[in-house]
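Here the structure is laid out as structure tokens; the discussion comes afterwards.
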Amino acid sequence: MAWNGRHFLSIDDLGKADVLMLLKRASAFLDMGDEFAPDAPLNEKLVANLFLENSTRTRCSFSIAAKRLGGDIIDLLGSTSSASKGETLVDTALNLEAMGVSGIVIRCSEDGAPASVAEEVAVPIINAGDGVSGHPTQALLDALTLTRYFGSEDLKGRSVAIVGDIAHSRVARSNVQCLTMLGAEVTLVGPEALLPTDIDCKCTTAFDDVLSETDCVMMLRVQFERDAKVGDDYRAEFGLTEERAKSFDGAIMHPGPINRGLEMDDAVANIDSSPHNLILSQVSSGVAARMAVLEHLIG
Ligand code: CP
């Protein structure tokens, strides 16, 4: 195994061979279905979920992944931890380490905070989403979903359009890195005000032009909690409406949670809307991708 990093903070921590190795392992876990890993690589290991921002998919899937690997997990949430009394993230992590956890999964609103914690603690730190900077395990699970959908090892020759509130999206930032590394051509689509200035990638406002050519659309949530502003015409201009979806036969993705009726119509979001709707496959892939990461770093 090539990847010898202690932490997983960014897709930048990995080379293409590392990503392919993790995808292969995750794919094997996905094939196991709901079974527990027979060799229990996390036996007697305790992982901490330190979530200072809300989450459904990422937090639950790390918990399930740790348990399927034979380990256990404790949840520490911002609202019920001493972070709410002003304790720093580094102090919180040092305390968890002193209690004997074998790794810490961190979600927080501060860009770069998991990397700062990683400089202070000995146990592996896994970034579960920091501010608008990165969400590397989301990018891995998206790559796993797409490679399985296309039946290929990598994404050479495939095109992916990431659509919506790119400016506030850590998912977009990590996905541009990961999908590009795997050979996909990535285009970022959104209103001028929500296109990024800091991502080296093709950008456009012309959604319909891109939709007619792309193999996959990854719709993103408008992040109102990060002060994203959209006009009344957002759905008409940038939403995956029922009408648009009818004329599109590529893969449909969304990392969730979805603003139904805004970036994606209800009828399109419903899983039985199309065999190309991969939204819940992404969620299943999330458990497997996180099993591969936990096994590699902590197992
Ligand atoms: N996709 C994603 O990160 O979802 P959660 O915020 O529910 O974890």
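The values are calculated or read from the model by the stated rules, or taken from the named source; none is laboratory data. Keep in mind the model is a prediction, meaning the values are calculated, not measured. We place every Cβ from the backbone using ideal geometry, glycine too, and count neighbours over all the protein chains shown.
Consider Ala193 carefully, then state whether it is hydrophobic (A, V, I, L, M, F, W, C), surrounded by fewer than 17 Cβ atoms within 10 Å (Cβ to Cβ) and within 30 Å of Glu44 (Cα to Cα). Break it down stepwise before answering.
Details: hydrophobic (A, V, I, L, M, F, W, C): yes; surrounded by fewer than 17 Cβ atoms within 10 Å (Cβ to Cβ): yes; within 30 Å of Glu44 (Cα to Cα): no.
No.
Looking at Glu110, is it without any contact (Cβ under 8 Å) to a residue 12 or more places away in the chain and under 30 Å from Thr92 (Cα atoms)? Even if it seems obvious, please write down each step before you answer.
On the way: without any contact (Cβ under 8 Å) to a residue 12 or more places away in the chain: no; under 30 Å from Thr92 (Cα atoms): yes.
Criteria not met by Glu110.
Out of region 31-56, which residues are surrounded by 19 or more Cβ atoms within 10 Å (Cβ to Cβ) and either more than 14 Å from the ligand (Cβ to nearest atom) or of a type in the set (D, E, K, R) (or both)?
Within region 31-56, Ala37, Leu42, Lys45, Val47, Ala48 qualify.
Residues of region 2-20 being farther than 23 Å from Ala172 by Cβ and part of a helix (DSSP H, G or I), which ones?
Across region 2-20, the qualifying residue is only Ala17.
Which one of Arg59, Arg6 is closer than 24 Å to Leu179 by Cα and within 16 Å of the ligand (Cβ to nearest atom)? Steps first, please.
Numbers: Arg6 fails: within 16 Å of the ligand (Cβ to nearest atom).
Just a single option satisfies the conditions, and that option is Arg59.
Within region 98-107, restricting attention to residues that are in contact (Cβ under 8 Å) with a residue 24 or more places away in the chain and out of contact with any helix residue (DSSP H, G or I) (no Cβ under 6 Å at 6 or more places or on another chain), which residue is surrounded by the fewest Cβ atoms within 10 Å (Cβ to Cβ)?
Within region 98-107, the first condition is being in contact (Cβ under 8 Å) with a residue 24 or more places away in the chain, and the residues that meet it are 100-107.
Add one more test, that the residue is out of contact with any helix residue (DSSP H, G or I) (no Cβ under 6 Å at 6 or more places or on another chain), and what stays is 100-101, 107.
Numbers: Gly100: 10, Val101: 25, Arg107: 24.
Filtering region 98-107 for residues that are in contact (Cβ under 8 Å) with a residue 24 or more places away in the chain and out of contact with any helix residue (DSSP H, G or I) (no Cβ under 6 Å at 6 or more places or on another chain), the one surrounded by the fewest Cβ atoms within 10 Å (Cβ to Cβ) comes out as Gly100.
If you take the residues in region 62-97 that are assigned to a helix (DSSP H, G or I) and free of Cβ contacts under 8 Å to residues at least 24 places away in the same chain, which one is nearest to the ligand (Cβ to nearest atom)? Let's see the steps before the verdict.
In the first step, residues of region 62-97 are kept if they are assigned to a helix (DSSP H, G or I); the result is 62-68, 78-80, 82-85, 89-97.
The next check asks that each one be free of Cβ contacts under 8 Å to residues at least 24 places away in the same chain; those that pass are 63, 79-80, 82, 84-85, 91, 95.
Details: Ser63: 12, Ser79: 15, Thr80: 18, Ser82: 23, Ser84: 20, Lys85: 24, Asp91: 24, Asn95: 24 Å.
Across region 62-97, the extreme among qualifying residues is Ser63.
Checking the condition modelled with pLDDT of 95 or more, assigned by TED's automatic domain parsing to the domain that holds Val293 and under 18 Å from His135 (Cβ atoms), which residue from Phe29, Phe62 passes?
Phe62
Could you give every pair whose Cβ atoms fall below 8 Å, whose first residue belongs to region 175-189 and is assigned to a loop (DSSP other than H, G, I, E, B), and whose second residue is of a type in the set (Val, Ile, Thr) and at pLDDT 95 or above, counting only separations of at least 6 or pairs across chains?
Close Cβ pairs (under 8 Å, with a partner that is of a type in the set (Val, Ile, Thr) and at pLDDT 95 or above) amount to Leu182/Val19; Leu182/Thr147; Ala184/Val160.
Can you tell me which residue in region 40-53 is nearest to the chain's Cα centre (by Cα), limited to those that are outside any strand (DSSP E or B) and at pLDDT 95 or above? Break it down stepwise before answering.
To start, the set of residues in region 40-53 that are outside any strand (DSSP E or B) comprises 40-45, 52-53.
Within this subset, residues satisfying the condition of being at pLDDT 95 or above are 40-43, 45, 52-53.
Details: Ala40: 25, Pro41: 23, Leu42: 22, Asn43: 26, Lys45: 24, Leu52: 17, Glu53: 14 Å.
In this case the residue turns out to be Glu53.
Residue by residue through region 114-144, note down the ones that are within 16 Å of the ligand (Cβ to nearest atom) and part of a helix (DSSP H, G or I).
Of the residues in region 114-144, the ones within 16 Å of the ligand (Cβ to nearest atom) are 114, 126-144.
Of everything in region 114-144, those that are within 16 Å of the ligand (Cβ to nearest atom) and part of a helix (DSSP H, G or I) turn out to be Pro114, Pro136, Thr137, Gln138, Ala139, Leu140, Leu141, Asp142, Ala143, Leu144.
Please verify whether Glu213 is free of Cβ contacts under 8 Å to residues at least 60 places away in the same chain and under 19 Å from the mean Cα position of the chain (by Cα), treating the condition exactly as stated. Break it down stepwise before answering.
Working: free of Cβ contacts under 8 Å to residues at least 60 places away in the same chain: yes; under 19 Å from the mean Cα position of the chain (by Cα): no.
No: the conditions fail for Glu213.
If Gly299 meets every condition in (1) closer than 17 Å to Gly190 by Cβ; (2) buried (at least 17 other Cβ atoms within 10 Å of the Cβ); (3) of a type in the set (Gly, Ala, Ser) apart from one, which number is that one?
Among (1) closer than 17 Å to Gly190 by Cβ; (2) buried (at least 17 other Cβ atoms within 10 Å of the Cβ); (3) of a type in the set (Gly, Ala, Ser), the lone unmet condition for Gly299 is (1).
I need the full set of residues from region 57-97 which are in contact with a Cys (Cβ under 8 Å, 6 or more places away or on another chain) and surrounded by fewer than 16 Cβ atoms within 10 Å (Cβ to Cβ), in order please.
none
Condition check ((1) within 22 Å of the chain's Cα centre (by Cα); (2) in contact (Cβ under 8 Å) with a residue 12 or more places away in the chain; (3) over 20 Å from Asp208 (Cα atoms)) across all residues:
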position	(1), (2), (3)
Gly261	no, yes, no
Ser274	no, yes, no
Asn277	yes, yes, no
Glu295	yes, yes, yes
